[in-house]
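Quick notes on the structure that follows.
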Amino acid sequence: MTISELDRTYVAGTYKRFPVELVEGKGSLVKDTAGKTYIDMGSGIGVTAFGIADDAWQAAVTEQLSRLQHVSNLYYTEPCAKLAQLLCERTGMKKVFFSNSGAEANECAIKAARKYAAEKKGADCYTIVTLANSFHGRTLTTLAATGQAKFHELFQPLTPGFSSMEPGNLCELEAISAKHGVAAVMIECVQGEGGVVPLDPAFVKELSEYLEKHDILLIVDEVQTGNGRCGALYSYMRYGLKPDIVSTAKGLGGGLPIGATMLGEKVENVFGFGDHGSTFGGNPVSCAGALSILGRIDDELLAGVREKSDFIFRELTGAPGIKGVTGLGLMIGIETEAPAAAVVNRCIEKGVLCLTAKTKVRLLPALNIPADVLAKAVAAIKEAAAELAGEEN
Ligand SMILES: *Cc1c(COP(=O)(O)O)cnc(C)c1O
């Protein structure tokens, strides 16, 4: 059997894969089994922040790998402690809990919020309010947090204690608060899986003031938007927010699994011994890689992210076959006249790997993608959108 046949035979059928088998790469270029090179505009869904087989990340990971790959959370290790320090110093948050994925980082955020609210306001104050069109993960609890009914249908009953509101409408939150004790509101500043939709800054400001006033925690899910993706270290910084809890994952590890839940002043001591845990969380190899990633997300890199973002918006806005461009930093959604899937398939033929999000073509290139490589990819996307625009949808 070929690899694709083996995969379809033995791997659970949850993924509709593209007919491409990738074998190796460097930076923003990746090769398939036939030796065809593609420009990677998806970074493994926003994970390989500095590209594939990035030298500094690879050196940090292999160095740690040769010393100690795992010890469990019964002992201290340097990469875990130093990564927590760096995250806190760069965000002003106070403590970090490490896990292995975005969903787990959100689970921890939800547990922290529930415990804080129960202790401060009583056991019936547990509701977590999230936004319509949000995405927070695939576990039963983070599915309950996800404000999209299509993810819920097959898996009832989900974890209770979640409520959804339309972004932009604070009245809905007031109505929910009137009926339930609200522990926290969880948002993505730019809804990723929801179609790369940035929240309205005026709404976000109004929301955060309301939460502050009512001692309701603000959780920002920075799983996709974080770690430089949106042109700031975390997207909440571009919105001028002061979250109580920040969850992140994806790009932080540069390609190895890691989740991090950062706890602010109000909740820094909410967890005591045994309240939460993870076998792999804070793994020294993942943390060593993350240290190399986070240490390089500096002002210069972030300025580069914003410049490349401006370039993409300039090139694609108003181009033939393109109805609109949304997003922040290098998290970009492109509404095309032709169906997004058709544009993505045409891009594959042209040697460019893109993602979709709802009805849009989505781009999450490496933060350090060279300008000339980016220009080539954008030209190919533009061509694909224009070529397919005329065709019958
Ligand atoms: C990807 C994503 C998650 C889930 O992360 P996993 O690592 O797949 O569990 C959660 N929230 C947001 C905003 C995401 O984009």
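The values are calculated or read from the model by the stated rules, or taken from the named source; none is laboratory data. These numbers were taken from a predicted model, which means no experiment stands behind them. Please note: Cβ atoms are built from the backbone with ideal geometry, for glycine as well, and neighbour counts cover all protein chains shown. Accessible surface is based on the protein model in full, side chains and every heavy atom, while ligands, DNA and RNA are left aside. Shrake-Rupley method; radii C 1.70, N 1.55, O 1.52, S 1.80 Å.
Find the relative contact order for region 57-295 and round it to a whole percent, using C-alpha pairs within less than 8 Å whose residues are 6+ positions apart.
31
Longer than 29 Å from Cα to Cα, which of LYS94/LYS120; LYS150/LYS382; LYS82/LYS266; LYS94/LYS205; LYS205/LYS360 are they? Say none if no pair is.
Violating the 29 Å Cα-Cα cut-off are LYS150/LYS382.
Could you do me a favour and compute the accessible area per residue for the chain, 1.4 Å probe, result in Å²?
Value for the chain: 45 Å² per residue.
Using the per-residue mean of other Cβ atoms lying within 10 Å as a proxy for protection, in what order, highest first, do the peptides 169-176, 249-256, 197-204 fall?
Listed from highest to lowest mean packing, they are 249-256, 197-204, 169-176.
How charged is the neighbourhood of ASN73? Take every other residue with its Cβ under 15 Å from the Cβ of ASN73, and add Lys/Arg as +1 and Asp/Glu as -1.
Charge balance in the 15 Å sphere: -2.
Taking all protein chains in place and a 1.4 Å probe, what share, in percent, of the accessible surface of the chain do carbon and sulfur account for?
It is 55 percent, rounded to a whole number.
Could you compute the net charge surrounding ALA384? Neighbours are other residues with a C-beta less than 10 Å from the C-beta of ALA384; K and R count +1, D and E count -1.
For residues surrounding ALA384, the net value is 0.
Which net charge results for the neighbourhood of ALA375, defined as the other residues with beta-carbon distances under 10 angstrom from its beta-carbon, given Lys and Arg at +1 and Asp and Glu at -1?
Here the count lands on 0.
Just check region 110-202 against the gyration tensor rule for me: Cα atoms, a ≥ b ≥ c as the square roots of the eigenvalues, rounded for a/c under 1.5, and otherwise prolate or oblate depending on whether a/b exceeds b/c.
In terms of gyration-tensor shape, oblate.
Which entries of LYS16/LYS308; LYS31/LYS350; LYS121/LYS179; LYS95/LYS242 show an alpha-carbon separation above 24 angstrom in the structure shown?
Exceeds cut-off: LYS16/LYS308.
Which value results for Rg/Rh of region 57-295 when Rg is the Cα radius of gyration and Rh the Kirkwood radius based on the inverse mean 1/r?
Rg/Rh: 0.96.
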